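Enquirer: Before I ask anything, here is the structure I am working with.
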Amino acid sequence: MKTKFMTLLTTVTLALPVWAATDIDLNADGVLTIDEVQSAFPDITPEAFSAMDVNADGALDSDEVVAAQAAGMMPTSNDG
């Protein structure tokens, strides 16, 4: 039972930054553009956004958001 609880807790904890990021996904397309990110976090520069955009497609997907938040490059919506 403890293992199931810890697995659930870990899953929910890891998913929280993605849920928070959906608050700033203004057009609800599942990715964040630089305009959406800067509307919530004006201090994020185009260079910082490019560093977070690992696949260089011009938008941050959920994996990139989680990685950026884990690296401290982008705050969660609760932080900003």
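Enquirer: Please state which of the following conditions S39 fails to meet, knowing it meets all the rest: (1) hydroxyl-bearing (S, T, Y); (2) free of Cβ contacts under 8 Å to residues at least 40 places away in the same chain; (3) part of a loop (DSSP other than H, G, I, E, B).
Expert: Exception for S39: condition (3).
Enquirer: Shifting gears a bit: Confirm whether A71 is over 20 Å from N27 (Cα atoms), at pLDDT 95 or above, surrounded by fewer than 16 Cβ atoms within 10 Å (Cβ to Cβ) and not hydroxyl-bearing (S, T, Y). Walk me through how you get there before you give the answer.
Expert: Numbers: over 20 Å from N27 (Cα atoms): yes; at pLDDT 95 or above: yes; surrounded by fewer than 16 Cβ atoms within 10 Å (Cβ to Cβ): yes; not hydroxyl-bearing (S, T, Y): yes.
Against the criterion (over 20 Å from N27 (Cα atoms), at pLDDT 95 or above, surrounded by fewer than 16 Cβ atoms within 10 Å (Cβ to Cβ) and not hydroxyl-bearing (S, T, Y)), A71 qualifies.
Enquirer: Another one. Of the conditions (1) over 12 Å from P75 (Cα atoms); (2) modelled with pLDDT under 95, P17 fails just one. Which one is it?
Expert: Among (1) over 12 Å from P75 (Cα atoms); (2) modelled with pLDDT under 95, P17 violates only (1).
Enquirer: Return the residue satisfying two criteria in turn: it lies in segment 42-53 and is touching a residue at least 12 places away in the same chain (Cβ under 8 Å) and touching a strand residue (DSSP E or B) at 6+ places or on another chain (Cβ under 9 Å), and of such residues it is surrounded by the most Cβ atoms within 10 Å (Cβ to Cβ). Walk me through it before giving the result.
Expert: Pass one, segment 42-53, residues touching a residue at least 12 places away in the same chain (Cβ under 8 Å): 44, 46, 48-49, 51-52.
Retained after the next criterion (residues that are touching a strand residue (DSSP E or B) at 6+ places or on another chain (Cβ under 9 Å)): 49, 52.
Details: F49: 22, M52: 19.
Only one residue fits best here, namely F49.
The values are calculated or read from the model by the stated rules, or taken from the named source; none is laboratory data. Every value quoted in this text rests on a predicted model; they were computed, and no experiment measured them. Virtual Cβ from ideal backbone geometry, glycine too; neighbours counted across all protein chains shown.
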